[in-house]
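Below is one structure, written out as structure tokens, with a few remarks after it.
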Ligand code: CP
């Protein structure tokens, strides 16, 4: 087994293509295990993982918990609603107290950009970012890349179009770094109010016309409008957004015939993506969710060793 250069998974910016390859290759082996009747393996026996979710989650939280159980780790789940954070305890005090209970790995989701990095600097535990603000969501991008490779093979020269609320999307940013490291072309498309301010620093091409952005694309990934992160009114109306940026049969006319339709979830059907496309023959949205368990098994396994 090859080992990783990284000690924590804080984001995909700066992670080498070699490390990404090792995670994907290990995930491919774990993915086969998920199809077996007995899905549990012993490698994390004796390793204690704390899942710290300061923000809501369905897919990521359950997927990490399943991955940990599949690898026989001891698991503790933390949510803010029933913790002493509600009594005013600071993040650092919370973490120091959890660490004092002798834990090995922290999986963290937080609305604050940089919280995983802060934890990595202040604890001895391995830190895995499960989404920090609008910054990065590395395991989501890794499972997206895994699903793309499953369907398209080598991604070098392939075109991936990500459409919608890029400004607030940690998924878009992690995909941009991960996909570009593997040689794919990444296009971002959205209304100017929903694009990041410093796009020139990202390894992407920017489009405002969705039909041009999907032309010749191998993958189209619409994103949810993250109203919970929008401080101002950035859109005239949802109907207008759907008319200009919604992924529909008409929008996809110039994409490749076998274009893959992906979505990190949760989907707002009829806004960023029509139901007939979300549930259509080119959709791999539920495969992404299955593959997420294998990717998280791979990350947990490699970083715990
Ligand atoms: N894709 C994703 O992060 O979904 P959740 O918010 O449900 O975890």
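The values are calculated or read from the model by the stated rules, or taken from the named source; none is laboratory data. The structure presented is a predicted model; accordingly, all values stated were derived computationally and were not measured. Using ideal geometry, Cβ is built from the backbone for each residue, glycine included, and neighbour counts are taken over all protein chains shown.
Here's the yes/no breakdown for (1) on the phi > 0 side of the Ramachandran plot; (2) touching a helix residue (DSSP H, G or I) at 6+ places or on another chain (Cβ under 8 Å):
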site: 164; (1), (2): yes, yes
site: 167; (1), (2): no, yes
site: 174; (1), (2): no, yes
site: 177; (1), (2): no, yes
site: 182; (1), (2): no, yes
site: 188; (1), (2): no, yes
site: 191; (1), (2): no, yes
site: 195; (1), (2): no, no
Could you check the stretch 174-191 and list, in sequence order, the residues that are touching a strand residue (DSSP E or B) at 6+ places or on another chain (Cβ under 6 Å) and in contact (Cβ under 8 Å) with a residue 60 or more places away in the chain? 174
Those residues of the stretch 198-207 which are over 15 Å from residue 175 (Cα atoms) and in a loop (DSSP other than H, G, I, E, B), in sequence order: 198
Return the residues of the stretch 57-85 that are within 16 Å of the ligand (Cβ to nearest atom), surrounded by 14 or more Cβ atoms within 10 Å (Cβ to Cβ) and in a loop (DSSP other than H, G, I, E, B); say none if nothing qualifies. 57
Where the second residue is within 13 Å of the ligand (Cβ to nearest atom) and assigned to a loop (DSSP other than H, G, I, E, B) and the first is touching a residue at least 40 places away in the same chain (Cβ under 8 Å) and under 13 Å from residue 108 (Cα atoms) and lies in the stretch 50-76, which pairs have Cβ atoms under 8 Å and are six or more apart or on separate chains? 54/111; 55/111; 60/137
Take the stretch 156-171 and flag every residue that is under 18 Å from the mean Cα position of the chain (by Cα) and outside any strand (DSSP E or B). 164, 165, 166, 167, 168, 169, 170, 171
Breaking point among (1) modelled with pLDDT of 95 or more; (2) over 25 Å from residue 112 (Cβ atoms), for residue 270: (1)
Based on this model, can you work out whether residue 94 counts as more than 17 Å from the chain's Cα centre (by Cα), modelled with pLDDT of 95 or more and farther than 24 Å from residue 174 by Cβ? no
Do any residues in the stretch 116-133 that are within 20 Å of residue 169 (Cα to Cα) and touching a residue at least 12 places away in the same chain (Cβ under 8 Å) have Cβ atoms under 7 Å from those of residues that are more than 16 Å from the ligand (Cβ to nearest atom) and in a helix (DSSP H, G or I), where the two are at least six apart or on different chains, and which pairs are they? 128/303
Just the residues that are without any contact (Cβ under 8 Å) to a residue 12 or more places away in the chain and either in contact with a strand residue (DSSP E or B) (Cβ under 6 Å, 6 or more places away or on another chain) or closer than 17 Å to residue 134 by Cβ (or both), please, taken from the stretch 198-212. 198, 199, 201
Give the residue, chosen from 107, 33, 50, that is at pLDDT 95 or above and either loosely packed, with under 13 Cβ neighbours inside 10 Å or within 16 Å of the ligand (Cβ to nearest atom) (or both). 107
Out of (1) exposed (fewer than 14 other Cβ atoms within 10 Å of the Cβ); (2) within 16 Å of the ligand (Cβ to nearest atom), the one residue 17 does not meet is (2)
Identify the residue in the stretch 245-270 that is part of a loop (DSSP other than H, G, I, E, B) and within 16 Å of the ligand (Cβ to nearest atom) and, among all such residues, is nearest to the chain's Cα centre (by Cα). 264
Given the condition within 25 Å of residue 39 (Cβ to Cβ) and in contact with a helix residue (DSSP H, G or I) (Cβ under 9 Å, 6 or more places away or on another chain), answer yes or no: does some residue in the stretch 82-102 qualify? no
I need the full set of residues from the stretch 118-155 which are farther than 16 Å from residue 184 by Cβ, away from the ligand (no atom under 16 Å from the Cβ), outside any strand (DSSP E or B) and in contact with a strand residue (DSSP E or B) (Cβ under 8 Å, 6 or more places away or on another chain), in order please. 119, 120, 123, 125
Would you please name the residue that is nearest to the chain's Cα centre (by Cα), looking only at residues in the stretch 172-197 that are assigned to a helix (DSSP H, G or I) and surrounded by fewer than 24 Cβ atoms within 10 Å (Cβ to Cβ)? 177
